[in-house]
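*Asks:* One structure, pasted below without further comment.
The values are calculated or read from the model by the stated rules, or taken from the named source; none is laboratory data. All figures in this text were calculated on a predicted structure; none of them were measured in a lab. Neighbour counts run over all protein chains shown; Cβ positions are idealised from the backbone, glycine included.
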Amino acid sequence: MTDHGKEQGQGHMKLDDLVARVRRLGFSQPAPVVIGVVGAPGAGKTTLVETLVQELNKDSPKPEHQQYAHVPMDGFHLSDQELTRLGLLERKGAPETFDVHGYAATLQRLRSPRTAVVYAPGFERTIEQPIAGVVPVYPSATTILTEGNYLLLDRPEWRHVRDQCTEIWYCRQDDGLRIKRLIQRHIEFGKTPAEAELWVHTVDEENARLILATRAHADLVVTLEEIGP
C-alpha cells in the first residue's frame, strides 16, 4: 500500500470517478489487486463497496465470470461463544474481537493467482454472527474490494492486513447522520431504542474515535455526501 494519499480527492469524487479508479488499479498491477475501504461504524462502507462491485460487474452477470469481488471484514468477527470465553462480548466490534490473522491470511491468498474458488466467511446481521464459507471468490476475480473498520490501525496484527492492500480509502460520513443510522440499524436487528443508543455511545463511538485517528494514512478520502448513492 502507498502512503501518499493524505486526504486526496475531497470535494470532487463521484461514483464514476471511483469506478474508474478501481479499474485503473486493476489494469496497472500484474497480480490481483486488493482495495480496502475503511471508516467508522455506520459510515456507509458496505453500501459503497456493494454499489461499486455491482457497477463494475454489470456486464458480467454470472458470478463465476466476474472480475470484481467483495470480501467483508465482518465475516472475521469472532463468534459470541468465543467472545464470551475471552470476556470480550461487551466489546464486540472492537479490534480485538476479530480474527485478524485469518483475515490477513485470506487477503494474502486472494492476492495470488488462483485456479479454484476461495470461500470467505460472511456476517449475518439477523443473528449477529459470522457464517463460514458464504462468500465465494472465483478465480476470475482479479480485483477484491474489502471493507472494515481497522484496515489502517497501526498495530502489528492489523499492519499485516494493511500490507495486503494495494490502496486503502477512508469513507467519511456526517457524524449526525451516521449515528442516527447506526442506532436505527441496531434497533432493526433486535436492540431496544435505549439499548441501541447506549451501545452506540459506549462501544461504537469509542471505536469510531480510534478509526478517525487512522484517516491520515489513507490513500483517498471519500465523502459519501459528495458521491451520492
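*Asks:* Please work out which residue is modelled with the lowest pLDDT, limiting yourself to the stretch 155-208 and to residues that are outside any loop (DSSP other than H, G, I, E, B) and β-branched (V, I, T).
*Replies:* Taking the stretch 155-208 as the starting set, the residues that turn out to be outside any loop (DSSP other than H, G, I, E, B) are 156-163, 167-172, 175-188, 193-208.
Still in the running and β-branched (V, I, T): 161, 168, 179, 183, 187, 200, 202-203.
Details: V161: 96, I168: 97, I179: 91, I183: 93, I187: 92, V200: 89, T202: 88, V203: 85.
Applying the filter and picking the extreme gives V203.
*Asks:* Please list, ordered by first then second residue, the pairs with beta carbon atoms under 6 Å, 6 or more apart or interchain, first in the stretch 169-188 and over 14 Å from H201 (Cα atoms), second small (G, A, S) and exposed (fewer than 14 other Cβ atoms within 10 Å of the Cβ).
*Replies:* none
*Asks:* Pick from the stretch 65-78 the residues that are under 16 Å from A104 (Cα atoms) and of a type in the set (A, V, I, L, M, F, W, C): which of them is surrounded by the fewest Cβ atoms within 10 Å (Cβ to Cβ)?
*Replies:* Going residue by residue through the stretch 65-78, those that are under 16 Å from A104 (Cα atoms) are 70-78.
Still in the list and also of a type in the set (A, V, I, L, M, F, W, C): 71, 73, 76, 78.
Values: V71: 24, M73: 25, F76: 23, L78: 21.
For the stretch 65-78, the residue satisfying everything is L78.
*Asks:* Still on this model: Of all residues being surrounded by 13 or more Cβ atoms within 10 Å (Cβ to Cβ), over 16 Å from the mean Cα position of the chain (by Cα) and among the polar types (S, T, N, Q) in the stretch 119-163, which is nearest to T106 (Cα to Cα)? Just the residue, please.
*Replies:* T142
*Asks:* Considering only the stretch 97-114, state which residues are modelled with pLDDT under 95 and exposed (fewer than 14 other Cβ atoms within 10 Å of the Cβ).
*Replies:* As a first pass, look at the stretch 97-114 and keep what is modelled with pLDDT under 95: 111-114.
Scanning the stretch 97-114 gives S112, P113.
*Asks:* Related question: Out of curiosity, is K62 surrounded by fewer than 16 Cβ atoms within 10 Å (Cβ to Cβ) and among the charged types (D, E, K, R)? Can you show your working first?
*Replies:* Values: surrounded by fewer than 16 Cβ atoms within 10 Å (Cβ to Cβ): yes; among the charged types (D, E, K, R): yes.
So K62 passes the test.
*Asks:* Let me ask you something else. Only one of (1) in contact with a Gly (Cβ under 8 Å, 6 or more places away or on another chain); (2) closer than 21 Å to E124 by Cα; (3) among the aliphatic types (A, V, I, L, M); (4) buried (at least 20 other Cβ atoms within 10 Å of the Cβ) fails for V203. Which number is that?
*Replies:* (4)
*Asks:* Quick one: would you say I211 is surrounded by 15 or more Cβ atoms within 10 Å (Cβ to Cβ) and either in a loop (DSSP other than H, G, I, E, B) or over 19 Å from the mean Cα position of the chain (by Cα) (or both)? Give the steps one after another, and end with the answer.
*Replies:* Working: surrounded by 15 or more Cβ atoms within 10 Å (Cβ to Cβ): yes; either in a loop (DSSP other than H, G, I, E, B) or over 19 Å from the mean Cα position of the chain (by Cα) (or both): no.
No, not satisfied.
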